[in-house]
Amino acid sequence: MAASKIARDQVVSIEFELHDREGSLIDSSENGPLSYVHGEEQILPGLERALDGQEVGYEVHLEVPPEDGFGQRDDRLVFQVPRDRFEFEPTAGQVLQAESPDGMSAPFQVVKVAEDAVTLDGNHPMAGKHLVFDVKVIGVRDATAEELAHGHAHDGDGHHHN
Ligand code: ZN
């Protein structure tokens, strides 16, 4: 059987390291490879394109500027909420689901807690970052019917439904 080439609806497993442009490690697969369903936009489009048509053993170094990654930071997404609007004790670093001004539920990170105000940041944690990926393909297989129905792979870091 010919080696599988990465195409839509294949489950691809990769080992990766992600650094910022300054060389700081942002994320990696040290706790286990990442598996995703190709073509489901589970990974950055530029990375998905780079892996398309490749096979096990393929290695790629890919630099992704913010505009092709998680976007530029938007200062309008950083705002203060009166402390008494919280029914619990917020702590810096905590991520909350909050309603944005346009009525969408979105994650906001608590960046500062002062006596009378809490500062929230709705930017993606990787917004504004120039991302440097080093990726190695370690597995390619057909997705199961269940994985296709769910739109995600059922190996790697387990089965989450959310
Ligand atoms: Zn599932």
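Every read-out reported here was derived from the displayed coordinates using simple, explicitly stated rules and does not represent laboratory data. Please read these numbers as outputs of a predicted model, since none were measured by experiment. Ideal geometry is used to build each Cβ from the backbone, glycine not excepted, and the neighbour counts take in all protein chains shown.
General observations
- Net charge dipole size for the chain [Lys, Arg +1 and Asp, Glu -1 on Cβ; Debye, nearest 20]: 140 debye
- Over segment 75-121, Cα pairs under 8 Å with separation of 6+ residues give a relative contact order of 45 percent.
- Among 95, 135, the order by Cβ neighbours within 10 angstrom, fewest to most, reads 95, 135.
- Approximate spin-label separation residue 49-residue 134, in nm, with each point projected 7 Å along Cα-to-Cβ: 2.4 nm
- Two-decimal log10 I(q)/I(0) for segment 12-112, as the Debye equation yields it once each C-alpha is a single scatterer, q = 0.24 Å⁻¹: -1.36
- Each Lys and Arg adds +1 at its Cβ and each Asp and Glu adds -1 at its Cβ; summed about the Cα centre, segment 75-121 shows a dipole of about 100 debye.
- Ordering of 77-85, 113-121 by packing [mean C-beta count within 10 Å, highest first]: 113-121, 77-85
- Across all directions, the average projected area of the convex hull around the alpha carbons of segment 1-71 is 5.3 nm².
- Stokes-Einstein D (µm²/s) once Rh is taken as the Kirkwood radius of segment 75-121 over alpha-carbon pairs, at 10 °C in 1.306 mPa s: 148 µm²/s
- If R0 equals 30 Å, the separation of the Cβ atoms of residue 26 and residue 56 corresponds to a calculated FRET efficiency of about 0.75.
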